[in-house]
Amino acid sequence: MADEEFNLNDFKSNPSGDDGMSNDFQPNDVPDRPRSAADLEAVYDIPVQVSAVLGKAHMQVNQLLKLGRGAVVELDRKVGEAIDIYVNNRLVARGEVVVVEERLGVTMTEIIKSERN
């Protein structure tokens, strides 16, 4: 491949508009986020993993090996404190544990908005 030199002026737009390139692009031409539930129909059937984390604990392997039936592992959360809700290992919300018939459930109390880069 031959070495080529480029001049910054080579990349400046031609004010006469005859450079063969269209200048019709407008910032409003970029598609926005979905505006309704119908716009999301294509992703409705994609499976995701939802996890509700009551709390976490850190321990050494020797402590872990000593655990047996009836052992209590103290978590880093207090009674009544919100639990973390993850979707595909990404924190998306916080909530509270509820009982639905004979099963545990989660009520979302706060949606976590993440900064996207």
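The values are calculated or read from the model by the stated rules, or taken from the named source; none is laboratory data. Fair warning: this is a prediction, and the values are worked out from it, not measured in the lab. We place every Cβ from the backbone using ideal geometry, glycine too, and count neighbours over all the protein chains shown.
Put simply, of V97, V92 the only residue that is more than 21 Å from K113 (Cβ to Cβ) and either over 17 Å from the mean Cα position of the chain (by Cα) or in contact (Cβ under 8 Å) with a residue 12 or more places away in the chain (or both) is V97.
From A82, A71, grab the single residue that is of a type outside the set (D, E) and surrounded by 13 or more Cβ atoms within 10 Å (Cβ to Cβ).
When all the criteria are applied, what remains is A82.
Restricting segment 30-80 to residues that are among the charged types (D, E, K, R), more than 23 Å from V97 (Cβ to Cβ) and assigned to a loop (DSSP other than H, G, I, E, B), the residue that is farthest from the chain's Cα centre (by Cα) is R69. Quick check, is V106 at pLDDT 90 or above, in a loop (DSSP other than H, G, I, E, B) and touching a strand residue (DSSP E or B) at 6+ places or on another chain (Cβ under 7 Å)? Here the answer is no, as V106 does not meet what is asked.
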